[in-house]
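The values are calculated or read from the model by the stated rules, or taken from the named source; none is laboratory data. Given the structure is predicted, the values throughout are model-derived calculations rather than measurements. Backbone-built Cβ (ideal geometry, glycine too); neighbour counts: all protein chains shown.
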Amino acid sequence: MTANTMTRHIREGSKSIYRNGWMSIASISSIVISLFILGVFILLSFNLNVMTSELDSKVQIRVYLQLEVTQDEVALLRTDIGNMAEVSKVEYVTKQQGMDLLEESLGEDGKDILSGYTDETNPLPDSFTVEVKDPQTVGMVAKKIQALNETNAAQPIWKVKYGQGSVEKLFQMTKMIRNFGLILVAGLAITAMFLISNTIKITIMARQREIGIMKLVGATNSFIRWPFFVEGFLIGLIGAVVTIAILFLGYDQLLSYAATNLSFIQLIPFEEVWLMVGSVLLALGILIGVWGSTISIRKFLKV
Amino acid sequence: MIEMQDVWKTYQDGSHAIRGISVRIEKDDFVYLVGPSGAGKSTFMKMIYREEVPTKGQIFVNGFNIGKLKRRKIPFVRRNIGVIFQDFRLLPKLNVSENVAFAMEAIEAPKKIIKRRVPEVLELVGLKHKLTSMPSQLSGGEQQRVAIARAIVNNPTVIVADEPTGNLDPETSWEIMRLLEEINYRGTTILMATHNKDIVNTIRRRVIAIESGQIVRDVIRGDYGYDG
């Protein structure tokens, strides 16, 4: 194909998007809606993945001790826990260190809340932070530590705490969101394709006479098909570009909002997602557009 | 050159449009196709440019076996056949030049050649002064001239015309006939279905009469042979 012919196909394809007016807008909108929802789900599951893996690495057991525990008992407990095969690390956290950690995790706001406490009035107990080799064993190890209380008359352990299924729940939620998202997006993509194939059908109907003459003078089938193919491609491309613009602007807003108001949530920075999300949406948009037009060409353009 | 060998065309409902036609049309021939409406003239012509495929028998156009043609070769055979209709079939949104250029663009002719060839052909059909007119601004005769220009612009070896004067007044019809004669004189085969008795009886050429899908008469310098 010569450059001239290609220029003609692109010109004809673009013209008919303009000519089809509302039908084109409906097709583009349907692509935008499905791609936008897909984009939201991609970003959501990316962020959830990062959050869960972060949580995963933080799976640890906090063993809070009674306030009046002696140093000997602390040392004894420490060896008992440390001797467990599943445990990788035991760390003793004094109440002062506990206060520092709390302050740190609360950030700026925490300073005011905690300013009333001095070393003497610190209500926090001493504690151990226990890390296990395999996150799966957390529950079992926590029970074993709790059980140490029963063999010890002083009952030095006040409370044993761990993630208690929050990790699993988060994993499950991610999976559910992903599946739900996929089904929704598939449904919407099919709708979009249907709308596009309808739009192209209208173009084909409107140009029946032109197509007939082209066939008569000996235009090849691919020559006749190209403008419709271009039309579908452009509808998909425009839809994808619009979606990407909306999605990225929205995510940018979310990032700056989260940075100031939701400091405990760590979102993936824009630089790390834009290329992947952008190219997926672009590719999918074009695919939907081209597919939609192909359906129509095959069905209504008996060349 | 067109050759048909025992060609049959049977439609889905079992009706026979063409029943065993064998005919040979030479390169310089000017052929009138006459006969009552529904006798099979249109089917006869449609089979030549492969709008219809024969159910049985063989058709050769310029050496190509039309019935056995591979789909993607059809366009290239059609480039050697120009078709003209009673209702002109111009594109209303394109002007005269564009309508003719369209036929060249469709076969991906280079721009430079299109630019040179289109005015040349429009001059030949006598529309040099109407290059930028829209079809709606033209008379019926002028529109048919544009259609003829479009049919010959790609230099076909055969022109198939289905009642080209059917929508025109007598005077305009004569002008169109003079144009077709001129094209034939330059070496293009012309096959023309017509109901115009005056034309057939005045410009004496080969006449093939079709009735009920069969050739009932084939005369080198024939007459119309029907009333009215």
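Could you list, in sequence order, all residues of region B:150-167 that are farther than 13 Å from B:Ile81 by Cα and crowded, with 22+ Cβ neighbours inside 10 Å? Across region B:150-167, the qualifying residues are B:Pro164, B:Thr165.
In region B:72-92, the residues that are within 8 Å of another protein chain (Cβ to nearest Cβ) reach residues that are acidic (Asp, Glu) with C-beta atoms within less than 9 angstrom, at least six apart or across chains, in these pairs: B:Val83/B:Glu51; B:Val83/B:Asp162; B:Leu91/A:Glu210; B:Leu91/B:Glu98. For region B:120-136, does any single residue satisfy the condition of being within 12 Å of another protein chain (Cβ to nearest Cβ), within 22 Å of B:Met192 (Cα to Cα) and not β-branched (Val, Ile, Thr)? Within region B:120-136 (the criterion being within 12 Å of another protein chain (Cβ to nearest Cβ), within 22 Å of B:Met192 (Cα to Cα) and not β-branched (Val, Ile, Thr)), the answer is no, since none of the residues qualifies.
Could you please let me know if B:Gly82 is touching a helix residue (DSSP H, G or I) at 6+ places or on another chain (Cβ under 9 Å), at positive phi and either crowded, with 21+ Cβ neighbours inside 10 Å or assigned to a strand (DSSP E or B) (or both)? Considered against the rule, which asks whether it is touching a helix residue (DSSP H, G or I) at 6+ places or on another chain (Cβ under 9 Å), at positive phi and either crowded, with 21+ Cβ neighbours inside 10 Å or assigned to a strand (DSSP E or B) (or both), B:Gly82 comes out as no. Against the test of being of a type in the set (Phe, Trp, Tyr), under 27 Å from B:Asn80 (Cβ atoms), part of a helix (DSSP H, G or I) and assigned by TED's automatic domain parsing to the domain that holds A:Ala26, the options A:Phe248, A:Phe223, A:Phe233 yield a single qualifying residue, A:Phe223.
Answer with yes or no whether B:Phe102 is among the aromatic types (Phe, Trp, Tyr) and more than 10 Å from chain A (Cβ to nearest Cβ). No: the conditions fail for B:Phe102. Total residues in region A:182-221 satisfying the condition of being touching a Gly at 6+ places or on another chain (Cβ under 6 Å) and of a type outside the set (A, V, I, L, M, F, W, C): the figure is 1. Before we move on, is B:Gln12 in contact (Cβ under 8 Å) with a residue 60 or more places away in the chain, part of a loop (DSSP other than H, G, I, E, B) and away from every other protein chain (no Cβ under 14 Å)? So B:Gln12 does not fit the description; no. Taken over region B:142-183, residues that are more than 26 Å from B:Gly40 (Cα to Cα) and either in contact with an Asp or Glu (Cβ under 6 Å, 6 or more places away or on another chain) or β-branched (Val, Ile, Thr) (or both) amount to 3. In this entry, A:Ile33 passes the filter for residues that are at pLDDT 80 or above and farther than 30 Å from A:Met140 by Cα.
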